[in-house]
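Asker: If you scroll down you'll find the structure; I have some questions about it.
The values are calculated or read from the model by the stated rules, or taken from the named source; none is laboratory data. The model shown is predicted, which means the values in this text are computed figures rather than measured ones. We place every Cβ from the backbone using ideal geometry, glycine too, and count neighbours over all the protein chains shown.
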Amino acid sequence: MFLLSLDSTFNLRVQVNDLLSRQPLSHAAVELFVVHVLNSTAFSEEDGSALLHVPFHSELPITVVATKQGFMSAQLLCRTSRIPIFSSVTMSLMKLNQGNIWLFEDSVLITGRTAAAASQPTVRFPQRLLNLTHSRNITSIRSYLTVPKLSSEPDGSLNTLGIMSSKSGYVSVELSPVAAVSVQLFSGDMELQVNGPVQISLNVPESCRLQAADVVPAWFFNRTTGGWMRKGLGKMTLVDRKLMWTFTAPHLGYWIAAPLTSTRGLVGWPILVDFISLHSFFLMVLAGGTLVVIVCLLIGLLCYCRYQNLLLILNVVFSLAVTRKS
């Protein structure tokens with residue numbers, strides 16, 4: 001753990017704006033995370049500015065997260081090798097886009113506004129996960145499905161700092177997102193928590209150089225640590241000759257598909273575990289088939305050995321009989 005002196009802090013001014021209109025956003029929560037632990041929180045003023053007192057150490061990961069109701073969360077990693085006298089950064093929040101929702105007897109389907117597009121982002125989960133008892137609650141449901149621009153796209157503003165668990169705690173990793181989506185459900189002004197198998201399908205650009213049957217890790221935005229945390233693997237599939245990433249998420253929220261750009265040794269084992277769990281049925285069939293083949297070979301070998309022994313015994317008996325006659 002790093003020990004900070006009382007004077008090893010600097011002031012950081014955070015300007016929070018609307019991504020599209022560039023207008024300042026007031027009453028936005030600006031959170032400061034040091035070593036992936038919440039350190040302090042400030043709220044933006046009418047001019048969209050908030051002031052944070054940031055502890056400084058060149059080896060400490062410092063992250064700023066801005067959130068506001070009706071907008072997607074934004075993340076900013078602060079890196080500096082020298083302590084500044086003063087610093088100012090700008091964070092732009094993307095407004096949530098209202099989506100289409102289809103409630104069936106057995107399932108719920110959430111899509112974007114262009115419902116005719118086969119390769120559009122879709123979210124599907126069992127209808128029982130909603131826990132709605134009154135019909136009036138059903139008619140008040142609103143869905144939001146927002147697809148942010150990736151950092152590789154023009155005007156992309158998606159910053160992604162991944163967080164992996166290790167023996168010494170959390171470790172930061174670099175991510176390269178190929179798809180992203182934010183999905184929420186509201187009943188009136190209350191957000192509905194949906195926990196269970198949620199099927200997510202996202203379009204992937206051809207420039208990502210991925211192929212069908214490839215697997216890509218899934219990451220969700222964790223408000224507790226202020227970063228993206230890995231949560232399983234998704235598959236690449238072809239839908240109408242377009243590449244799609246499909247993943248079964250444990251809950252709604254903010255998700256990205258991102259291969260790891262870092263080659264640290266600590267990421268190998270978790271990815272291997274996810275791969276085994278994702279293909280557990282196929283691996284079980286393969287292992288079972290291999291075991292059956294081995295057992296059949298052993299039985300065949302045993303039968304062959306017994307047959308050879310039987311021939312040897314018959315040859316000995318025949319030789320003894322011939323010897324006695326002579």
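Asker: Check every one of the strands (runs of 3 or more DSSP E) wholly within region 146-215 and list those with 2 or more residues that are at pLDDT below 90 and not hydroxyl-bearing (Ser, Thr, Tyr). Talk me through it step by step, then tell me what you get.
Answerer: On the way: elements: 161-166, 169-174, 179-187, 190-192, 195-203.
Per the criteria, 161-166, 169-174, 190-192.
Conditions (1) loosely packed, with under 12 Cβ neighbours inside 10 Å; (2) in the same structural domain as Ala180 (by TED's automatic domain parsing); (3) of a type in the set (A, V, I, L, M), marked per residue:
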position	(1), (2), (3)
Thr41	no, no, no
Ser44	no, no, no
Asp47	yes, no, no
Ala50	no, no, yes
Phe56	no, no, no
Pro61	no, no, no
Val65	no, no, yes
Arg79	yes, no, no
Ile83	no, no, yes
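Asker: Answer with yes or no whether Gln184 is touching a residue at least 60 places away in the same chain (Cβ under 8 Å) and out of contact with any Ser or Thr (no Cβ under 6 Å at 6 or more places or on another chain). Steps first, answer last, please.
Answerer: Numbers: touching a residue at least 60 places away in the same chain (Cβ under 8 Å): yes; out of contact with any Ser or Thr (no Cβ under 6 Å at 6 or more places or on another chain): yes.
Yes; evaluated as a whole, the condition is true for this residue.
Asker: Quick one: in region 224-249, which of the residues that are surrounded by fewer than 21 Cβ atoms within 10 Å (Cβ to Cβ) and free of Cβ contacts under 8 Å to residues at least 40 places away in the same chain is farthest from the chain's Cα centre (by Cα)?
Answerer: Arg241
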